[in-house]
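To start, the structure itself, in structure tokens.
Since every read-out is calculated from the coordinates, none of them should be taken as a lab result. Just so you know, these numbers come straight off a predicted model, no measurement behind them. So basically every Cβ, Gly included, is an ideal-geometry build from the backbone, and we count neighbours across all protein chains shown.
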Amino acid sequence: MAELVERSDTGGVARLVMNSPGNMNALSVAMLAALKDAFGALAADPAVRVVVLAGAGKAFCAGHDLKEMQAGREAPDKGRAAFAELFARCAELMQMIPALPQPVIAEVHGIATAAGCQLVASCDMAVAAEGTRFGVNGVNIGLFCSTPMVALSRNVPRKAAFEMLTTGAFIDAARARELGLVNRVAAPAALAAETAALAALVASKLGAAVKIGKRAFYEQIEMGLAAAYDHAGVVMLENMLWRDTNEGIAAFLEKRRPDWA
């Protein structure tokens, strides 16, 4: 039986593929658990410098599994406990991504809707195929995408996020790039190669510097301006004193490749 999340590693890049094409890689309870396990393993793997997250089949991720959610209504509490657990599990997973030491790049195609769009927004970067559609369209079925809103509103301008949330309208890959939801747009046939190139570029940098930088990025962005500068200064000082940073600067000045340990 195929795994719900398949992993393959190449040159310091771990590629995760959500493998449930029959329901467009919906974030079922099982899929959330499989992703949590995969990210947990990556967090403890020093050999991995970058993570790529993709989806099998014709879509990246269609959000929560609505059939599974509706089945929860059969419980005596009409699904209250099941829904609460599902949203808590999803929130936990989304917060794991910025907390990972490695940058995570979403490789997006087909559609990324509701919690699937949330997943893209939670990743550190994203590359999308031309023709991909993004939406937080729960409002179309009477369910406002309140939890996807958290990640979306931290990625795109406020009024654009609110429009998407209240109209349920989709945006295409080009518009997603304009708004900052994705970094790059590629032809469908070149999507994997474009994502791999971005991942390889990041993986070629000093891994410890990217790791400390990612952590500082998310810490400072929640602070006031003065506190952010204070915090970033402490992080940069620590980074500056490393042996490999000294070597990197010396190599640049001497016009040679750094000899990083």
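Summary of computed values
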quantity: Under-5 Å amide H pairs with Asp9, H placed in peptide plane, nonlocal only; calculated: Arg15
quantity: Set of lysines with alpha-carbon distance to Lys36 below 22 Å, sequence-local pairs under 8 removed; calculated: Lys67, Lys211, Lys214
quantity: C-alpha center-to-center spacing [the stretch 199-247, the stretch 130-145] in angstrom; calculated: 35 Å
quantity: Alpha-carbon Rg with Dmax, taken over the chain, Å; calculated: 19.5, 72
quantity: Ellipticity estimate at 222 nm from DSSP helix runs (n ≥ 4, -39,500 (n - 2.57)) divided over the chain, nearest 500; calculated: -15000 deg cm²/dmol
quantity: Folded to 0 to 90 degrees: helix 158-167 orientation relative to the chain principal axis, Cα; calculated: 20 degrees
quantity: Among Val139, Ala115, Val202 the positive-end extreme of the charge dipole of the stretch 110-216 (Cβ point charges); calculated: Val202
quantity: Nearest-ten-degree value, helix 225-240 long axis tilted from longest Cα axis of the chain; calculated: 50 degrees
quantity: Long-range amide H partners of Arg49 with built H, under 5 Å; calculated: Val13, Ala14
quantity: Table column - 3J(HN,Hα) (Hz), the stretch 179-186, Karplus curve with 6.51, -1.76, 1.60, x for Gly and Pro; calculated: 7, x, 6, 10, 8, 9, 10, 10
quantity: The chain - share of DSSP beta bridges that are antiparallel (%, nearest 5); calculated: 30 percent
quantity: GNM result for the chain, Cα springs below 10 Å: residue of Ala115, Ala189, Ala199 fluctuating most strongly; calculated: Ala189
quantity: Cα convex hull volume per residue for the stretch 86-226 (Å³); calculated: 114 Å³
quantity: Per-residue ³J(HN,Hα) for the stretch 35-41, Karplus 6.51 cos²θ - 1.76 cosθ + 1.60, θ = phi - 60°, Hz, x for Gly and Pro; calculated: 5, 4, 4, 5, 5, x, 5
quantity: The stretch 91-101 - phi-based ³J(HN,Hα) in whole Hz, Karplus 6.51/-1.76/1.60, Gly and Pro as x; calculated: 4, 4, 4, 4, 7, 5, 5, x, 7, 5, x
